[in-house]
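The values are calculated or read from the model by the stated rules, or taken from the named source; none is laboratory data. The shown structure was predicted, so the numbers you read here are calculated from the model rather than taken from an experiment. With ideal geometry, Cβ positions are generated from the backbone for all residues, glycine too; neighbour counts draw on all protein chains shown. When the accessible area is computed, the model is the full protein with side chains, heavy atoms only, and any ligands, DNA or RNA have been set aside. Shrake-Rupley method; radii C 1.70, N 1.55, O 1.52, S 1.80 Å.
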Amino acid sequence: MKVDVIDDFFKLLHPCIPLLVVSVSKDGKPNVMTCAWNMPVSEEPPTIALAIDRESYTNKLIKESREFTVNIPGDQLLDAIWICGTKSGREVDKFRLAGVSPEPAKKVKPPIIRECVGHLECRLRDYIEVGECTLFIGEVLEAYALKDALAKGVWDIKRTRLPLHLGGRFFTVPTEIIEPKRRR
């Protein structure tokens, strides 16, 4: 038997990796927010999409600066992930509150987060207003990760514990890599 879950339809698409998205104000002050609604959309050119609430401070800053960084946290940053997803940068310094450190990016003004295991530096290509969110499409100008975080081109889940968001206050961590039995 299947049940109706239309009110929580998006949770059927979880777990998702929660990213820490950094934007910067006109006066250069960085802001960080958690974003679990994200995906790659093209390899050539390298492009990603983020869905961010229209009312959020990050939404405003990305539209103004047209740049952002995407930072991939390990599970040791779970508290920071929660803080950056539940507080507003209009009201508090989330870097200080979450205990994370901004570090200069290579090609864009918004900084990266030193404690994260991977980083994407992006320039805004376009955005689309969809419901209560804005879908930001960013071209990836730089992408880098800790040397030991990847093995054979995928996350090494024995060395790098990536939290995945299940919805609400719930997260999980992958513990096993599996492959299909049949290969063609």
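What the table shows:
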| quantity | calculated |
| --- | --- |
| Residue in segment 72-92 that is at pLDDT 95 or above and closer than 18 Å to E121 by Cβ present | yes |
| Complete set of residues in segment 87-101 that are under 17 Å from Y57 (Cα atoms) and assigned to a loop (DSSP other than H, G, I, E, B) | K87, S88, G89, R90, E91, V92, D93 |
| Test result for W82, open to solvent by 30 Å² or more (accessible area, probe 1.4 Å), hydrophobic (A, V, I, L, M, F, W, C) and more than 14 Å from the chain's Cα centre (by Cα) | no |
| Subset of segment 35-52 that is in a loop (DSSP other than H, G, I, E, B) and in contact (Cβ under 8 Å) with a residue 12 or more places away in the chain - its residue that is farthest from R125 (Cα to Cα) | A36 |
| Lone qualifier among T86, T34, T47 - being in contact with a strand residue (DSSP E or B) (Cβ under 9 Å, 6 or more places away or on another chain) and under 14 Å from G138 (Cα atoms) | T47 |
| Filtered residue count, segment 53-69, keeping only those that are over 15 Å from R125 (Cα atoms) and either open to solvent by 70 Å² or more (accessible area, probe 1.4 Å) or not in a helix (DSSP H, G or I) (or both) | 5 |
| Among (1) among the acidic types (D, E); (2) closer than 23 Å to H14 by Cα; (3) free of Cβ contacts under 8 Å to residues at least 24 places away in the same chain; (4) not in a helix (DSSP H, G or I) - the single one E129 does not satisfy | (3) |
| Where L141 falls short, out of the listed (1) surrounded by 11 or more Cβ atoms within 10 Å (Cβ to Cβ); (2) touching a residue at least 60 places away in the same chain (Cβ under 8 Å) | (2) |
